[in-house]
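All of the numbers you see were taken from the coordinates with simple rules; none came from a lab. All values derive from a computational prediction rather than experimental measurement. Cβ placement follows ideal geometry from the backbone for every residue including glycine, while neighbour counts extend to all protein chains displayed.
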Amino acid sequence: MMAAQLLSALRRLSLLALAVILSFGLTACGGAKAKAPTLSTDDITVIERQAEGFLAARDRLPELATLVNQRDWTFTRNLIHGPMQEVGREMLYINQRLLPADRPEATKRADALKAALADLDEAARLQDANNLSKAYIKVASGFGLYAQMLPEQVQTDLKQI
C-alpha cells in the first residue's frame, strides 16, 4: 500500500517536472521573432531600372488600342515588335530579383502576358479582327496584373502609387 502511494507521488512529481521543463523550453524558443525577408538596395535598383522599360511599354497601351480598333495590322505588329519587344526580358530580370515567395506568381503572370502578346501578334498577322480584340484585352489585363507584382517601394519610387 505504501509502495503504491510512493509510486503515485513519484509519477505526479515527474509529470510536474516535465511540464515545467517543457514550459521553460518553449518559452525560450518562442521569444525571438523571425525577421521578414526584404529586398536589398541592389535588388530594388535593378527592379526599378527594368520596371521603367516595362512601364514605358504599358504606357503605350492606348496607342495599341487605337491601332487594334482601326484594324491597322501592320502598325499593331510594329508596336509589338518595336517598343514592346523588350517586355519579356524586363519581366525576366525583375522576377530574378523578387523575393523567392513572389517569383512563382510573377513568372506565371509574365508568361501569361507574353502569351497574350504572341496571340495579339498572330491575330494581326492573320488579319483576324475578332481574335485581335480579344487578344488586346488579354494584353491590357496582363500588363495590369504583372504591374501588381512590382514591390511597393518600386511602385512608390516610380510614382505608380
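In region 41-157, a dipole from Cβ-located charges (positive for Lys and Arg, negative for Asp and Glu) runs towards its positive end, and of VAL68, ALA106, GLN127 it is GLN127 whose Cα lies farthest in that direction. In this label model, GLN160 and GLU63 are separated by 2.0 nm, measuring between points 7 Å along each Cα→Cβ vector. When ILE137, ILE44, ILE94, ILE80 are sorted by how many other C-beta atoms sit within 10 angstrom of their C-beta, beginning with the fewest, the order is ILE137, ILE44, ILE80, ILE94. Between ASN131 and GLN148, residue separation times 0.36 nm minus the direct Cα-Cα distance comes to 3.5 nm. For ASP119, the shell of other residues with beta-carbons less than 12 Å away shows a net charge of +1, using +1 for Lys and Arg and -1 for Asp and Glu. With neighbour counts taken as other beta-carbon atoms within 10 Å, the residues PHE143, PHE75, PHE54 rank, fewest first, as PHE75, PHE143, PHE54. How would region 41-157 be classified by its alpha-carbon gyration tensor: rounded, prolate or oblate, with rounded meaning a/c under 1.5 and the a/b versus b/c comparison settling the rest? Verdict is prolate for region 41-157. Length available on full extension from THR107 to GLN5: 0.36 nm per residue minus the Cα-Cα distance, which gives 30.0 nm. Applying 1/(1 + (r/R0)^6) with R0 = 45 Å to the Cβ-Cβ distance of GLN85 and SER40 gives a FRET efficiency near 0.95. Magnitude of the charge dipole for region 34-88, about its Cα centre and with charges confined to Cβ atoms of Lys, Arg (+1) and Asp, Glu (-1), is about 200 debye. Counting neighbouring beta carbons within 10 Å and listing from fewest to most, the residues TYR136, TYR146, TYR93 come out as TYR93, TYR136, TYR146.
For region 60-120, applying the loop criterion from DSSP together with a ceiling of 16 other beta carbons within 10 Å to the GluC sites (Glu not before Pro) yields GLU86. Distance between the pseudo-spin-label points of GLU52 and PHE75 (7 Å out from Cα toward the beta carbon): 2.8 nm.
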